[in-house]
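Novice: Dumping the structure here so I can ask a few things about it.
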Amino acid sequence: MPERHYDAIVLGLGAMGGAALHHLAKRGLRVLGFEQFRAGHARGSSHGQTRLIRKAYFEHPDYVPLLHRAYDLWHELEDATGQNLFEDGLGLVAFGPPDSEIIRLTLECSRKHNLRVHEVSPADLRKRYPLLREPEGYRAVWDDEGGLLYVERCVLAHLDAARSHGAALKDRQRVLEWNASPSQVSVRTARATYTADRLVICAGAWSGQVLKTLGIPLEIRRKVLFWYKEKEAGSYGMGKFPPFFYDLPYGRIYGFPALDGLGVKIADHMGGQVLDEPTPPRRLFPGDEETVQRLRAKYFPGLEARRSHYAVCMYTMTPDENFVVAVHPHHPNVSIAAGFSGHGFKFAPVIGEILADLAVDGRTRRPIEFLGVERLLSPAHA
């Protein structure tokens, strides 16, 4: 067998690609992963200190079985690496107006899947978290199993676990071209060409370029995350303040308790500059901070007005904001994951497991029918 031939190649080693590399290697495959930047870089969508995790999923109730599995796999990855990656005992509060679709769908999802989620009064919340401020007249929903993930640690943990099972990683190598025939796939970089029996593509915001022949309608959005220090150290710390989500007329704004000297992280899930290329400007523009500052000023009086830090990342959006996880419609030895639409990180380990299923078996027992690629293809590309 040629030295540059593998059982599987993974293109892209962010959250999903790193998880796929881990699960393929764990199954005993000879696997190679490519990353165009350094491993664990901050130029895509898998960085920024933290991500929310929750089970009551207003986006679509069919995500819940995947979330059950993701929670188990995050804990398994912690055990395998000896790292603290996941805080799932914090809970999470979501505020919305009486007619909020998010509140309604969260509660419907909770009832359907018998989740530990319930509506709670602002007065009861305030007893537990004295600094928590709610919009007047709003409803509040509490998710007992909500929490947070340490995003950079998680990405690197999957890569470390993949290496421990024998995976080879090549970072700072951009893939220039890939091709597939019925018998094998090939991947060409500026340095060499590699072949494999199967290919897994997890290109993040570069998916539109890497999968251009499919014509999946993907929109790249530039997103900015902000941090604000506490006026009184420890007042918004973990245990004293929960992860949160506000469904407001001017934004769907989420955030985290203060974890270090940077303070409380806050970001707006809505909006964002639409990009032609996955190269977002890293400087701030007028208006980037407007909705976050509006929330901070009204509901977080214990935070400094001036930000302590910011970071830029990207969302890769599908039209219906659901993921694409599927076998390539024209190449059965190619599996793809794309369009995670700003809410995919928490699913990384189960998506990695599913991609390994699709690569090895051509199918998975996980419920991913609603994530198929065909729903997004024009007749010319189907």
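Novice: Suppose the filter is open to solvent by 20 Å² or more (accessible area, probe 1.4 Å), aliphatic (A, V, I, L, M), more than 30 Å from LEU92 (Cα to Cα) and over 14 Å from the mean Cα position of the chain (by Cα); does ALA39 pass it? Steps first, answer last, please.
Specialist: Numbers: open to solvent by 20 Å² or more (accessible area, probe 1.4 Å): yes; aliphatic (A, V, I, L, M): yes; more than 30 Å from LEU92 (Cα to Cα): yes; over 14 Å from the mean Cα position of the chain (by Cα): yes.
Here the answer is yes, as ALA39 does meet what is asked.
Novice: Go through the residues of segment 51-63 one by one and say whether even a single one is farther than 29 Å from ASP260 by Cα and either open to solvent by less than 10 Å² (accessible area, probe 1.4 Å) or among the small types (Gly, Ala, Ser) (or both). I'd like the intermediate steps shown before the answer.
Specialist: Going residue by residue through segment 51-63, those that are farther than 29 Å from ASP260 by Cα are 58-63.
Now narrow it down to the ones that are either open to solvent by less than 10 Å² (accessible area, probe 1.4 Å) or among the small types (Gly, Ala, Ser) (or both): 63.
The answer is yes; a qualifying residue exists.
Novice: Any chance segment 364-381 includes a residue that's open to solvent by less than 20 Å² (accessible area, probe 1.4 Å) and within 21 Å of GLY33 (Cβ to Cβ)?
Specialist: Within segment 364-381, none of the residues are open to solvent by less than 20 Å² (accessible area, probe 1.4 Å) and within 21 Å of GLY33 (Cβ to Cβ).
Novice: Right, another one. List, please: which pairs have Cβ atoms under 7 Å, are six or more places apart or on different chains, and start with a residue in segment 332-347 that is under 27 Å from ALA196 (Cα atoms) and end with one that is part of a helix (DSSP H, G or I) and of a type in the set (Lys, Arg)?
Specialist: none
Novice: Which condition number in (1) at pLDDT below 95; (2) over 16 Å from GLN36 (Cα atoms); (3) touching a strand residue (DSSP E or B) at 6+ places or on another chain (Cβ under 7 Å) is the one that GLN184 fails?
Specialist: Against the list (1) at pLDDT below 95; (2) over 16 Å from GLN36 (Cα atoms); (3) touching a strand residue (DSSP E or B) at 6+ places or on another chain (Cβ under 7 Å), GLN184 comes up short only on (1).
Novice: Every residue in segment 64-85 that is surrounded by 20 or more Cβ atoms within 10 Å (Cβ to Cβ) and of a type in the set (Phe, Trp, Tyr), please.
Specialist: Of everything in segment 64-85, just one residue is surrounded by 20 or more Cβ atoms within 10 Å (Cβ to Cβ) and of a type in the set (Phe, Trp, Tyr), namely TRP74.
Novice: Which residue out of THR291, THR279, THR318 is hydroxyl-bearing (Ser, Thr, Tyr) and touching a Leu at 6+ places or on another chain (Cβ under 7 Å)?
Specialist: Details: THR291 fails: touching a Leu at 6+ places or on another chain (Cβ under 7 Å); THR279 fails: touching a Leu at 6+ places or on another chain (Cβ under 7 Å).
Just a single option satisfies the conditions, and that option is THR318.
Novice: From the list PRO379, PRO319, PRO329, which one is more than 29 Å from LEU77 (Cα to Cα) and without any contact (Cβ under 8 Å) to a residue 24 or more places away in the chain?
Specialist: Details: PRO319 fails: without any contact (Cβ under 8 Å) to a residue 24 or more places away in the chain; PRO329 fails: without any contact (Cβ under 8 Å) to a residue 24 or more places away in the chain.
Testing whether each residue is more than 29 Å from LEU77 (Cα to Cα) and without any contact (Cβ under 8 Å) to a residue 24 or more places away in the chain leaves just PRO379.
Novice: Scan segment 82-101 and report the pairs whose first residue is touching a residue at least 12 places away in the same chain (Cβ under 8 Å) and within 18 Å of GLY48 (Cβ to Cβ) and whose second residue is acidic (Asp, Glu) and part of a loop (DSSP other than H, G, I, E, B), with Cβ atoms within less than 9 Å and a gap of 6+ or a chain change.
Specialist: LEU92/ASP144; LEU92/GLU145
Novice: Let me ask something additional. Considering segment 105-135 alone, what residues qualify as being under 19 Å from PHE241 (Cβ atoms) and either surrounded by 13 or more Cβ atoms within 10 Å (Cβ to Cβ) or among the aliphatic types (A, V, I, L, M) (or both)?
Specialist: We begin by selecting, within segment 105-135, every residue under 19 Å from PHE241 (Cβ atoms); these are 120-135.
VAL120, PRO122, ALA123, LEU125, ARG126, ARG128, TYR129, LEU131, LEU132, ARG133, GLU134, PRO135 - these are the residues of segment 105-135 that are under 19 Å from PHE241 (Cβ atoms) and either surrounded by 13 or more Cβ atoms within 10 Å (Cβ to Cβ) or among the aliphatic types (A, V, I, L, M) (or both).
Novice: Considering only strands (runs of 3 or more DSSP E) fully contained in segment 174-225, which possess at least 2 residues that are open to solvent by 70 Å² or more (accessible area, probe 1.4 Å)?
Specialist: On the way: elements: 175-180, 185-189, 193-201.
Of the strands (runs of 3 or more DSSP E) lying wholly inside segment 174-225, those with at least 2 residues that are open to solvent by 70 Å² or more (accessible area, probe 1.4 Å) span 175-180.
Novice: Output the residue which, of all residues in segment 188-243 that are of a type in the set (Ser, Thr, Tyr) and out of contact with any His (no Cβ under 6 Å at 6 or more places or on another chain), is nearest to VAL10 (Cα to Cα).
Specialist: Residues of segment 188-243 that are of a type in the set (Ser, Thr, Tyr), as a first pass: 189, 193-195, 207, 213, 228, 235-236.
Among the residues that remain, those that are also out of contact with any His (no Cβ under 6 Å at 6 or more places or on another chain) are: 189, 193-194, 207, 213, 228, 235-236.
On the way: THR189: 13, THR193: 14, TYR194: 11, SER207: 13, THR213: 19, TYR228: 37, SER235: 43, TYR236: 40 Å.
The residue in question is TYR194.
Novice: To continue, here is another question. Kindly check whether there is at least one residue in segment 107-124 that is within 30 Å of LEU24 (Cβ to Cβ), of a type outside the set (A, V, I, L, M, F, W, C) and over 25 Å from the mean Cα position of the chain (by Cα).
Specialist: no
Novice: Considering segment 336-382 alone, what residues qualify as being among the aromatic types (Phe, Trp, Tyr) and closer than 24 Å to LYS212 by Cα?
Specialist: The initial filter retains those residues of segment 336-382 that are among the aromatic types (Phe, Trp, Tyr), namely 340, 345, 347, 370.
Selection gives PHE340, PHE345, PHE370.
Novice: Let me ask something else about it. Can you say whether LEU21 is closer than 24 Å to ALA190 by Cβ, outside any helix (DSSP H, G or I), in contact (Cβ under 8 Å) with a residue 40 or more places away in the chain and open to solvent by less than 20 Å² (accessible area, probe 1.4 Å), as far as the supplied structure shows? Don't jump to the end; show me each part of the working.
Specialist: Numbers: closer than 24 Å to ALA190 by Cβ: yes; outside any helix (DSSP H, G or I): no; in contact (Cβ under 8 Å) with a residue 40 or more places away in the chain: yes; open to solvent by less than 20 Å² (accessible area, probe 1.4 Å): yes.
Against the criterion (closer than 24 Å to ALA190 by Cβ, outside any helix (DSSP H, G or I), in contact (Cβ under 8 Å) with a residue 40 or more places away in the chain and open to solvent by less than 20 Å² (accessible area, probe 1.4 Å)), LEU21 does not qualify.
Novice: If you take the residues of segment 1-18 that are assigned to a strand (DSSP E or B) and touching a helix residue (DSSP H, G or I) at 6+ places or on another chain (Cβ under 9 Å), which of them is surrounded by the most Cβ atoms within 10 Å (Cβ to Cβ)? Explain how you work it out, then say what you get.
Specialist: Residues of segment 1-18 that are assigned to a strand (DSSP E or B), as a first pass: 5-11.
This time we only want the ones that are touching a helix residue (DSSP H, G or I) at 6+ places or on another chain (Cβ under 9 Å), so: 7-8, 10-11.
Working: ASP7: 18, ALA8: 27, VAL10: 36, LEU11: 25.
This residue is VAL10.
The values are calculated or read from the model by the stated rules, or taken from the named source; none is laboratory data. Bear in mind the structure is a predicted one, so any value in this text is a computation, not a measurement. Positions of Cβ are backbone-derived with ideal geometry, glycine not excepted, and every protein chain shown enters the neighbour counts. The area values use the complete protein model at the heavy-atom level, side chains included, leaving out ligands, DNA and RNA. Shrake-Rupley method; radii C 1.70, N 1.55, O 1.52, S 1.80 Å.
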